[in-house]
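Below is one structure, written out as structure tokens, with a few remarks after it.
The values are calculated or read from the model by the stated rules, or taken from the named source; none is laboratory data. Source: prediction; values computed, not measured. A quick note on method: Cβ atoms are made from the backbone with ideal geometry, for glycine too, and the neighbour counts reach across all protein chains shown. Only protein heavy atoms, including side chains, enter the accessible area calculation; ligands, DNA and RNA are left aside. Shrake-Rupley method; radii C 1.70, N 1.55, O 1.52, S 1.80 Å.
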Amino acid sequence: TNLLALVHADDFPDDLSRASETLDRLSPDLAKTYKRYISTLKNNLIRRAEAAERRNKALEEEVNLVGQRYIDMEYPNVDDVPVRLSAVLDNPANRYVVLDFWATWCLPCVKSIPMLKEVYAKYHDKGLEIYSISQDSKAKEWKSYVEENGMNWINVLASSGSKVYKDYGIEFIPRVFLIDCQTGEILVHESQPDLDSILSDLLP
């Protein structure tokens, strides 16, 4: 049981308090046998807790841009052609644009791709466009990922440190914005909004 508890502590690192309690309750023999491993695991738990605290603090301080006007940008797409956001909003076929800040190495971002594909398929013909901004550092791998996963909307690459992240206050990804093409107003600013529910009202 103690050994299973140790495995549990390692397999569920996001449950920090429970993992720490589990480690503290290990039998003396098991604690001695796995002393080095447990020490490493505890240090990792501490680092994760500190990182979570920094993230939560940053999120609390984040400025919500809902109600403000979008900030323009221009970055290269998968064909290395610069695409300006304002040109996408000015396209008469588009009524709303989703700004999706993501990266291939970001697990929550990757998990959101099926949802983006669904809303794009459902609402694109009604006036929805998606403008995804990737933080990836390797263009070749990013291009392959976009193609292999059928992300058939506008995808651009803006490496970490690019001006757009400061403009939109991006500390963590994913970050999703919804822009009204007619007014240029940001209607949604969230990590993982229920876009289908929102768009069903806007694009019935």
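Computed values, structure above
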{"quantity": "Scan of region 132-157 for residues that are over 16 Å from residue 98 (Cα atoms) and surrounded by fewer than 16 Cβ atoms within 10 Å (Cβ to Cβ), ordered by number", "calculated": "137, 138, 139, 140, 141, 144, 147, 148, 149, 150"}
{"quantity": "Boolean, residue 166 is part of a helix (DSSP H, G or I), surrounded by fewer than 18 Cβ atoms within 10 Å (Cβ to Cβ), at pLDDT 95 or above and charged (D, E, K, R)", "calculated": "no"}
{"quantity": "Residue list for region 171-191, restricted to those being modelled with pLDDT of 90 or more and part of a loop (DSSP other than H, G, I, E, B)", "calculated": "173, 174, 181, 182, 183, 184"}
{"quantity": "Qualifying positions in region 100-131 - among the aromatic types (Phe, Trp, Tyr) and open to solvent by 10 Å² or more (accessible area, probe 1.4 Å)", "calculated": "105, 120"}
{"quantity": "Tabulated pairs, region 170-186, first in contact (Cβ under 8 Å) with a residue 12 or more places away in the chain, second among the basic types (Lys, Arg) and surrounded by 15 or more Cβ atoms within 10 Å (Cβ to Cβ), C-beta under 6 angstrom, 6+ apart or interchain", "calculated": "181/95"}
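Here's the yes/no breakdown for (1) more than 30 Å from residue 151 (Cβ to Cβ); (2) modelled with pLDDT of 95 or more; (3) open to solvent by 90 Å² or more (accessible area, probe 1.4 Å); (4) of a type outside the set (A, V, I, L, M, F, W, C):
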residue: 17; (1), (2), (3), (4): yes, no, no, yes
residue: 20; (1), (2), (3), (4): yes, no, no, yes
residue: 30; (1), (2), (3), (4): yes, no, no, no
residue: 40; (1), (2), (3), (4): yes, no, no, yes
residue: 52; (1), (2), (3), (4): no, no, no, no
residue: 80; (1), (2), (3), (4): no, yes, yes, yes
residue: 91; (1), (2), (3), (4): no, yes, no, yes
